[in-house]
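Participant: Below is one structure. I have some questions about it.
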Amino acid sequence: MSEKEISSAVIKRLPRYYRYLGELLRNNVDRISSQELSKKMNVTASQIRQDLNNFGGFGQQGYGYNVEYLHTEIAKILGLDQENKLIIVGAGNLGQALANYDFSKKGFRIIGIFDINEEVIGKEIGGLVVQHIDKMKEVVEENGVNMAALTVPKTAAKGIAKSLVEYGIRAFWNFASIDLQLSKEEVVVENVHLAESLMRLSYNVNKQRNKE
Ligand code: ATP
């Protein structure tokens, strides 16, 4: 099945399916109907069936879904069956928080963390020693790094991303408050603008307040 046919709305929902199925697996549930899953996830059963039909269904009439199989298949679709190797660029508060977080259970290995500030270079964070950005090319190429988290100020993000594309990185997890536009077609960017997310929350709080 070609990935192109799958809408981005479905792809956006897949990590949530993956998380719920993982929980079911840990609770030794081996099969679940779309109705039961729908109650747990608070989405309609028909949405679940529609979403999973994109990948050939996985379900059987009268049986429901085999939890382990579905979990494994979604992992494959999300590329979690292969290890993703990640570097973090910018060892400020956010970069350090990411380096300290354990992403390994999800198949993401943090290979290195880089900065230009001599005060932070050499510091150990989450089992990694912060290296000078000059070392980045070598580390990326030698370790087959395929993803980069950008936790640098927005003024630095674009230049760093451009260099990383030259070193072979095609996936960016961008925390800098800038919309990265990179010329190469195959480059993918996932923007995580934390302040924007907080603003949306603020909007909803405000809306509630105005109702009271
Ligand atoms: P955060 O935004 O993560 O809370 P911060 O407030 O400590 O971090 P920022 O100014 O946002 O600091 O910078 C984040 C990190 O990026 C800092 O450690 C800074 O030294 C680093 N940095 C800035 N410019 C570059 C660059 N060109 N290359 C690599 N690292 C850089």
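The values are calculated or read from the model by the stated rules, or taken from the named source; none is laboratory data. Only a predicted model underlies this, so the values are computations on that prediction, with no experimental measurement involved. Note that we place each Cβ from the backbone using ideal geometry, even for glycine, and neighbour counts take in every protein chain shown. Areas reflect the complete protein model, heavy atoms only, side chains present, ligands, DNA and RNA absent. Shrake-Rupley method; radii C 1.70, N 1.55, O 1.52, S 1.80 Å.
Participant: For a quick check of understanding: with a 1.4 angstrom probe and all protein chains in place, what accessible area in square angstrom does Val188 have, to the nearest ten?
Facilitator: 90 Å²
Participant: Using modelled amide H (1.01 Å from N, peptide plane; none on Pro or chain starts), what sits under 5 Å from the amide H of Asn174, excluding residues fewer than 5 places away?
Facilitator: Leu150, Glu190, Asn191, Val192
Participant: Still on this structure, I have one more. Considering only protein heavy atoms and a probe of 1.4 Å, how much of the accessible area of region 84-196 is carbon and sulfur, as a whole percent?
Facilitator: 48 percent
Participant: Shifting gears a bit: Which whole-percent values make up P(r) of region 8-77 when all C-alpha to C-alpha distances are grouped in 5 Å steps starting at zero?
Facilitator: 3, 17, 33, 31, 13, 2, 0
Participant: So if we plug the beta-carbon distance of Glu166 and Thr72 into 1/(1 + (r/R0)^6) with R0 = 30 Å, what FRET efficiency do we get, rounded to 0.05?
Facilitator: 0.25
Participant: Another question, if that's okay. Calculate the FRET efficiency for Asp134 and Glu186 from the Cβ-Cβ distance with a Förster distance of 35 Å, rounded to the nearest 0.05. Mind showing how you got there, number by number?
Facilitator: Details: r = 26 Å, r/R0 = 0.75.
Efficiency, rounded to the nearest 0.05: 0.85.
Participant: Stokes-Einstein diffusion coefficient for the chain at 4 °C in a medium of 1.567 mPa s, Rh from the Kirkwood formula over Cα pairs: what value in µm²/s? Please report the intermediate quantities before stating the final value.
Facilitator: Working: Rh = 19.6 Å.
Roughly 66 µm²/s, to the nearest whole number.
Participant: Where in the chain are the DSSP H helices whose C-alpha atoms run 18 Å or more along the long axis and whose mean Kyte hydropathy is at least 0.0?
Facilitator: Helix filter hits for the chain: 154-166.
Participant: Just to verify a number: FRET efficiency for Lys123 and Tyr203, C-beta to C-beta distance, R0 = 30 Å, to 0.05?
Facilitator: Computed FRET efficiency for Lys123 and Tyr203 comes out at 0.20.
Participant: Accessible area per residue of the chain at 1.4 Å probe, in Å²?
Facilitator: 63 Å²
Participant: Separate question: For a paramagnetic label modelled at 7 Å from the Cα of Phe103 toward its Cβ, which residues of region 11-40 fall within the zone defined by backbone nitrogen distances under 16 Å?
Facilitator: Label zone hits: 15.
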